[in-house]
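Here's the structure we're looking at; comments come further down.
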Amino acid sequence: MGRRPTRAGQPRLSTPPHPQREIRRARAEMEFENQSLLVPLFGQFDANLVQVENRLSVFISARGGKLLIEGPEDSVARARDVLQSMYDRLAMGQDLDEGAIEAIIAMTNEPTFDGMISGKDDAPPIMIRTRRKTIVPRSAVQAQYMRSLSRDDIVFALGPAGTGKTYLAVAQAVSQLISGSVQRLILSRPAVEAGEKIGFLPGDLKEKVDPFLRPLYDALYDCMPPEQVERHIESGVIEIAPIAFMRGRTLADAFVILDEAQNTTREQMKMFLTRFGQNSRMVIAGDPRQVDIPGGDRMSGLIDAVDKLEGVEGFGTIRFTRADVVRHPIVGRIVDAYEGTGE
């Protein structure tokens, strides 16, 4: 394969040894059974291999279906795990992009990485199956979240944008609807006005609040064929509505998701939680650092509920950080920059 440039077009630089200790170097060979997966595994112009090389300070050469990895011993071991996980992901029909590779690299630092996706050592793989795709965790905290989604009655998912809080909840809801373990999906979020009064927006009430609910529609369309989503919405199997529409109801046999929950008041949160009915699941997702409740002096219902209910039987609480952002890598850097300024 020869010497490849980095993504910035500069030649790879070898990592100088630490002046205080000798770094043990190693070589490892890998061979993959399904030759048809090698092109997406390597990436266009070997971009995926270059990404692994640059992130782990190793050198990777390819000859046919074999890879040779050279570098510091620990880095070579991590690179083997990363490449195997990349191959396993492709073998399961998953996409492999820059963000997915970054997530896999980050997960190799976690003690639970082995078997998390591929189900090694007789452990069942962690995944969510929907009509359109099979979803696997892209961070260790996502793996904890996916376990909680399948186990706990009510789950609080806290953390910044881009960590998969809402997307994975919608995927789990769709999976349970397909399996018949719930009969309907109810997706909600507070219609908090952001700079404009919704009363002055054009259209009827549905047209006024739909923009606030668009992220929920987007997640649904990614997990189900669009025509099926529309059919379920028309029949009432899927309901997408502002939180105010939940008052006075009992939500039984349903998977219920409240998104942007940091913008609920304590009264709204109590009302929503007490809608919980028989044979239901509930996910409450939000970022406690992004509260936009009008007035500025009202406590977030999400923060209050977690304070009161964390540790209570039947509740799960998952906390994501900026390290778990799985959108484009630049999103993680944006979150990092804003959190670093304390804003």
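Collect the residues in region 159-191 that are touching a Pro at 6+ places or on another chain (Cβ under 7 Å) and surrounded by fewer than 23 Cβ atoms within 10 Å (Cβ to Cβ), keeping them in residue-number order.
Within region 159-191, just ALA191 meets the criteria.
Right, PRO202: at pLDDT below 90, assigned to a loop (DSSP other than H, G, I, E, B), farther than 20 Å from GLY277 by Cα and open to solvent by less than 30 Å² (accessible area, probe 1.4 Å) or not?
no
Go through (1) open to solvent by 20 Å² or more (accessible area, probe 1.4 Å); (2) of a type in the set (A, V, I, L, M); (3) at pLDDT below 90 and name the single condition ALA241 misses.
(1)
What are the residues in region 118-141 that are more than 22 Å from GLU102 (Cα to Cα) and modelled with pLDDT of 80 or more, if any?
ARG129, THR130
Out of GLN176, GLN144, I need the residue that is in a helix (DSSP H, G or I), closer than 29 Å to PRO226 by Cα and at pLDDT 85 or above. Which one?
Answer to the selection: GLN176.
The values are calculated or read from the model by the stated rules, or taken from the named source; none is laboratory data. Owing to the predicted nature of the structure, the values given are computational and were not obtained by experimental measurement. So basically every Cβ, Gly included, is an ideal-geometry build from the backbone, and we count neighbours across all protein chains shown. Keep in mind that these areas ignore ligands, DNA and RNA; they rest on the heavy atoms of the full protein, side chains included. Shrake-Rupley method; radii C 1.70, N 1.55, O 1.52, S 1.80 Å.
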